[in-house]
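**Student:** What follows is a single structure, and I will ask about it in a moment.
The values are calculated or read from the model by the stated rules, or taken from the named source; none is laboratory data. Remember, it's a predicted structure, so these values are computed and weren't measured experimentally. Every residue, glycine as well, gets a Cβ built from its backbone with ideal geometry; the counts of neighbours run over all protein chains shown. Please note that ligands, DNA and RNA were not included when accessible areas were found on the heavy atoms of the full protein model with its side chains. Shrake-Rupley method; radii C 1.70, N 1.55, O 1.52, S 1.80 Å.
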Amino acid sequence: MRIGITGATGFIGGHLAGLALETGHEVIAYSRRPGSGLTQPKEAPHALPETKLDALVHLSGESLMGLWTQEKRERIWKSRVDFTAALVGHLATWQPENRPKVLVCASGAGFYGNSGDNPVDETSPRGEGFLADVCAGWEKAAMRAEALGMRVVLLRTGMVLGKNGGALPLLKRVFGLGLGGKLGSGAQWMAWIHVDDAVAIILKAIQTDTLRGPVNLCAPEAVTNAEFTTQLAAALKRPAFFHAPAFALKLLLRGMAEEMLLGGQRVIPRVATEMGYGFAYPTLSDTLRRVQGAALSLRWLTVVYCG
Ligand SMILES: NC(=O)c1ccc[n+]([C@@H]2O[C@H](COP(=O)([O-])OP(=O)(O)OC[C@H]3O[C@@H](n4cnc5c(N)ncnc54)[C@H](OP(=O)(O)O)[C@@H]3O)[C@@H](O)[C@H]2O)c1
């Protein structure tokens, strides 16, 4: 298949491009950055040069990390909701035979808002808050591609774990300094997935003609923040005595803390499971041990080589 990927320079996009190439697909990787060596959009980020595609995976978007100032919120919104609407509008100008048959568009588990202890699956309604608004707007914009005859798949993604991207390298630095600990009460649920499972499910979604609509990109075992903290500390063999109180996080990080750190979702990957996908990384303790193990053995190899 000929697969286009926006956000191909990113964490998930880079892994997806790697897996697609390894499994015999052709990849057209898009980047806004001049000099990246990748295909650049023409006048604006949505203006992908027309070429025949079988699938388009749309992953680009302003990072959610950092202070959610008014400007940051606008960048988060525009780069997802407005850019996706413009991208679909742009695909409408392509010759119908060149248009991808399937648009796989990123979204987030934040779609469900802060769902407390209630398990949520793809049939659950949207939640409240800025992230839920962004995800709902983003998904609505992507779904307009159905009117162009395209199948649309929406990736409601939890925190993606892997050794060379996402949140884990930062968390490892924090825990390495002995500053690891639970956030707020620690009772909030965290949806997570290993990057290899995430990209394997995306590729399976591209190839499953009957699949359309939301897919929770999360491992079957959601954990609370307190449990995540304990397991990460154990995998890193570091203490986790620190406790970041909710009021301090809210003061420092404003809305970002409330929605991304102190709230969460207990997400069930119902569609991926029904699709028959077998997770390579189903449990957190094993995932963290394997990710950390890989990093340790690489360091060990470096030491041996240098020695
Ligand atoms: N990683 C996670 O844990 C996670 C969890 C839930 C949802 N997601 C969603 O999944 C998608 C991919 O995640 P990721 O971790 O691979 O993201 P990432 O590493 O931050 O990469 C996103 C890519 O988007 C492009 N980009 C950055 N800022 C942009 C802007 N203001 N406007 C347009 N494009 C911009 C960049 O590509 P160029 O500069 O090369 O164009 C960048 O490489 C994102 O939309 C993210 O929100 C990720």
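**Student:** If the requirement is being away from the ligand (no atom under 14 Å from the Cβ), open to solvent by less than 50 Å² (accessible area, probe 1.4 Å) and not hydroxyl-bearing (S, T, Y), which of these qualifies: A106, A20, A86?
**Tutor:** Values: A106 fails: away from the ligand (no atom under 14 Å from the Cβ); A86 fails: away from the ligand (no atom under 14 Å from the Cβ).
Exactly one residue qualifies, and that residue is A20.
**Student:** When H15 is evaluated against the numbered criteria (1) open to solvent by 30 Å² or more (accessible area, probe 1.4 Å); (2) more than 10 Å from the ligand (Cβ to nearest atom), which criterion, by number, is the only one it fails?
**Tutor:** (2)
**Student:** Also, I was wondering about something else. Quick one: what pairs do we get from segment 232-259, first residue aliphatic (A, V, I, L, M), second part of a strand (DSSP E or B), C-beta under 7 Å, 6+ apart or different chains?
**Tutor:** Short answer, once both residue conditions are applied: A240/G181; A244/G181; A244/L183; L249/L183.
**Student:** Assuming D121 fulfils every condition listed in (1) under 30 Å from R289 (Cβ atoms); (2) away from the ligand (no atom under 15 Å from the Cβ); (3) free of Cβ contacts under 8 Å to residues at least 40 places away in the same chain apart from one, which condition is it?
**Tutor:** (3)
**Student:** Follow-up question, since we're still on this one. Hydrophobic (A, V, I, L, M, F, W, C) and part of a loop (DSSP other than H, G, I, E, B): is that true of L16 in this structure? Show your work before the answer.
**Tutor:** Values: hydrophobic (A, V, I, L, M, F, W, C): yes; part of a loop (DSSP other than H, G, I, E, B): no.
Judged against the criteria, L16 is not a match.
**Student:** A follow-up question, please. Output the residues belonging to segment 57-76 that are aliphatic (A, V, I, L, M) and away from the ligand (no atom under 14 Å from the Cβ).
**Tutor:** Matches in segment 57-76: L67 only.
**Student:** Right, S36: within 13 Å of the ligand (Cβ to nearest atom), free of Cβ contacts under 8 Å to residues at least 60 places away in the same chain and surrounded by 21 or more Cβ atoms within 10 Å (Cβ to Cβ) or not?
**Tutor:** Numbers: within 13 Å of the ligand (Cβ to nearest atom): yes; free of Cβ contacts under 8 Å to residues at least 60 places away in the same chain: yes; surrounded by 21 or more Cβ atoms within 10 Å (Cβ to Cβ): no.
Here the answer is no, as S36 does not meet what is asked.
**Student:** Which residues, counting only those in segment 182-229, are part of a loop (DSSP other than H, G, I, E, B), at pLDDT 95 or above and within 16 Å of the ligand (Cβ to nearest atom)?
**Tutor:** Within segment 182-229, A191, C218, A219 meet the criteria.
**Student:** Here is a further query. So for segment 244-263 (the condition being hydrophobic (A, V, I, L, M, F, W, C), in a helix (DSSP H, G or I) and over 27 Å from R73 (Cβ atoms)), does at least one residue qualify?
**Tutor:** Here is the first cut: in segment 244-263, the ones hydrophobic (A, V, I, L, M, F, W, C) are 244, 246-249, 251-253, 256-257, 260-262.
Of the ones still in play, those that are also in a helix (DSSP H, G or I) are 246-249, 251-253, 256-257, 260-261.
Then keep just the ones that are over 27 Å from R73 (Cβ atoms); that gives none.
So far as segment 244-263 goes, no, none of its residues is hydrophobic (A, V, I, L, M, F, W, C), in a helix (DSSP H, G or I) and over 27 Å from R73 (Cβ atoms).
**Student:** State the number of residues belonging to segment 180-227 that are surrounded by fewer than 20 Cβ atoms within 10 Å (Cβ to Cβ), closer than 30 Å to A240 by Cβ and among the aliphatic types (A, V, I, L, M).
**Tutor:** Final tally of qualifying residues: 2.
**Student:** Considering each residue of segment 41-75, count those that are open to solvent by less than 20 Å² (accessible area, probe 1.4 Å) and either under 16 Å from the mean Cα position of the chain (by Cα) or closer than 19 Å to G14 by Cα (or both), and give that number.
**Tutor:** Qualifying residue count, segment 41-75: 7.
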